[in-house]
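Please read the structure below before turning to the comments.
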Amino acid sequence: MLVLGIESSCDETGIALYDTQKGLLAHALHSQVAMHEAYGGVVPELASRDHIRRAIPLLEQCFAAAGVEHAAIDAIAYTQGPGLAGALLVGASVACSLGLALGKPVLGVHHLEGHLLSPLLATNASYAPPRFPFVALLVSGGHTQLMRVDGVGQYALLGDTLDDAAGEAFDKSAKLLGLGYPGGPAISRMAEFGDPLAYKLPRPMLHSKDLNFSFSGLKTAVLTLVKNHPANICEQDKANIARAFVDAMVEVLVAKCIAALKQTGLNRLVIAGGVGANAQLRSALNAAADKKRFQVFYPELEFCTDNGAMIAFAGALRLQRDPAAATHDYAFNV
Ligand code: KG4
Ligand code: ZN
């Protein structure tokens with residue numbers, strides 16, 4: 001079965017072709033980061049307009065790279081939500097128009113399910129994906145969730161953020177430090193040069209008995225540190241604050257993952273979403289996995305942040321389980 005995937009929930013237009021026999025045939029991505037950078041964050045109207053400009057050329061690029069005809073696809077999966085309404089409408093419109101023109105069924109995929117299943121997508125022989133069941137930490141710009149995953153479509157929420165998502169805290173803290181957008185990679189790079197002993201920031205909910213998170217206090221602690229500095233905060237101090245922020249964030253995320261493994265009795269942990277690309281988080285999780293004897297799996301770096309491959313892949317897995325999941329009713333809903 002060959003599935004076309006379309007992702008347009010935020011500031012990345014992603015298109016991919018996934019074949020259930022042959023794997024990922026092609027994927028193409030356009031990031032709007034450069035366009036939104038000047039505004040310090042995503043401007044929804046600009047995002048939608050850019051998806052319109054990019055979707056069809058990327059789609060053609062993908063078909064050409066895979067060497068398949070449009071008519072060869074069996075279904076079209078598109079991101080149904082959550083995301084920016086206008087941006088989602090573009091992907092859904094392209095999917096449904098193409099479906100109507102080719103007579104192919106469409107299915108809406110939950111964006112988080114795409115992230116959640118992305119560590120199962122193996123595109124090189126050296127990566128062995130995890131078996132079910134596993135615990136998943138979903139850390140993106142909009143979500144921070146711990147989930148028990150027993151199979152495709154079998155997800156139980158174990159913990160969630162009570163306020164800001166991890167990626168949101170990265171982005172907002174980076175903005176306070178004048179590090180630009182998107183903040184996650186920038187603050188992570190800056191933290192490498194920071195003195196770990198210069199500042200200590202709070203570890204929100206580290207000792208709460210549940211698996212929930214809260215990151216707005218951490219962001220406020222960064223704000224307080226920044227405010228306490230003279231107008232021209234020096235680069236070393238920025239690095240020290242970045243380091244304190246990353247250390248606090250990573251300690252909380254790792255501790256909650258270990259607690260979730262303990263609570264479920266599972267020993268496989270899967271990391272998904274943009275913050276899963278974070279180098280400090282990966283090295284702390286790897287160290288914890290060695291020490292506590294669990295296995296940790298990450299999607300390949302290019303599939304951590306938003307992309308079309310995870311949507312094509314999640315759509316294909318859904319269809320394998322339930323061929324009726326795709327429909328010829330093109331009155332879409334996002
Ligand atoms: O999954 P994603 O691409 O989009 C959402 O669904 O939200 O995640 C984007 C988030 C942003 O907040 C970005 O700053 C963060 O992931 N991010 C990172 C890194 N790369 C992306 N955060 C920390 N370290 C990184 N290397
Ligand atoms: Zn995402």
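Details
- Where trypsin sites (Lys or Arg not before Pro) in DSSP loops with at most 11 other Cβ within 10 Å are excluded, longest remaining stretch of the chain: 23-130
- For the chain, the equivalent ellipsoid derived from the Cα gyration tensor has semi-axes of 35, 24, 16 Å, listed largest first.
- Dipole magnitude of region 131-299 about its Cα centre (Cβ charges: Lys, Arg +1; Asp, Glu -1), debye to nearest 20: 420 debye
- Once exposed loop GluC sites (Glu not before Pro) are cut out (DSSP; at most 12 other Cβ, 10 Å), longest piece of the chain: 193-334
- Where only alpha carbons of region 193-290 are counted, the Rg and the Dmax (Å): 15.0, 50
- In this Cβ point-charge picture (+1 for Lys and Arg, -1 for Asp and Glu), the chain has a dipole of about 940 debye about its Cα centre.
- Rounded to whole Hz, the Karplus (6.51, -1.76, 1.60) HN-Hα couplings of region 142-159, x for glycine and proline: x, 9, 9, 9, 10, 9, 9, 10, 9, x, 4, x, 10, 10, 10, 6, 9, x
- Whole-number D in µm² s⁻¹ for region 162-249, Kirkwood Cα-pair radius fed into Stokes-Einstein, 10 °C, 1.306 mPa s: 123 µm²/s
- Shape class for region 147-189, computed from the alpha carbon gyration tensor (a ≥ b ≥ c): prolate, with a/c not under 1.5 and a/b above b/c.
- Placing +1 on the Cβ of every Lys and Arg and -1 on the Cβ of every Asp and Glu, with nothing else charged, gives region 232-314 a dipole about its Cα centre of roughly 500 debye.
- Its residue count N fixes a reference of 2.2 N^0.38 Å for region 82-214, and the Cα radius of gyration divided by that reference is 1.34.
- The ellipsoid that matches the Cα gyration tensor of region 131-299 has semi-axes, each √(5λ) in whole angstrom, of 29, 15, 14, with the longest given first.
Read-outs: derived from the displayed coordinates by stated rules, not from any lab. From a predicted model like this one, the values you see are computed outputs, not experimental measurements. In this analysis, Cβ positions are derived from the backbone assuming ideal geometry, glycine residues included, and neighbour counts consider all displayed protein chains.
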